[in-house]
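Visitor: Below is the structure I would like to discuss, written out as structure tokens.
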Amino acid sequence: NTICIAIFVLLIFNPNSLRSVSVQLSFLGTLGVIYLSPIINGQIGKIKICSKFSKITRIISVPISAQIAILPIMILNFHTVSLTFIISNIIAVPLLGIAIISGVIIVFISFLIIGENSVGPAKITFLKQLRYSSITLSIV
């Protein structure tokens with residue numbers, strides 16, 4: 001239901017966005033992860049060798065399900081199919097988790113070091129970037 005609401009809101013503001021390849025890939029990939037990932041994870045889990053590596057099978061089932069969902073759009077628009085997504089996701093998913101958590105911790109530490117009431121150069125730069133990004137998002 002949430003995805004339907006998101007598509008509805010998106011179409012209210014820009015009806016042509018449905019023709020956008022990026023919108024199609026985003027929504028189909030998300031739907032693939034939500035609906036196909038549990039099915040694929042269950043099928044991979046039935047294999048005796050893979051049942052011992054349940055964490056890896058969960059990591060593998062997400063990109064496989066997203067890739068299956070976006071496969072028609074990829075073939076139709078780009079005429080290619082990438083088979084390296086499994087290996088790249090096994091490497092990228094844990095690293096991205098670490099990077100995101102580290103980034104959030106660094107932002108909070110920087111506000112503690114700079115202080116809540118003081119206006120240091122890093123805080124000014126951060127606030128300018130935040131203001132610029134919100135202006136950019138409101139224009140788009």
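Here, each number is a calculation from the coordinates, and none is a lab measurement. All of these numbers come straight from a predicted model, not from anything done at the bench.
Visitor: Could you pull the Cα extents of segment 1-100 along its three principal axes, largest to smallest, in whole Å?
Guide: So the three principal-axis extents are 48, 31, 30 Å.
Visitor: A further question follows. Rounded to two decimal places and with Rh computed the Kirkwood way over Cα pairs, what is Rg over Rh for segment 1-41?
Guide: Working: Rg = 11.6 Å, Rh = 11.0 Å.
Dividing the radius of gyration by the Kirkwood radius yields 1.06.
Visitor: Given the Cα-Cα distance of S102 and S54 and 0.36 nm per residue of separation, how much length would full extension add, in nm?
Guide: The span from S102 to S54 would gain 14.7 nm if fully extended.
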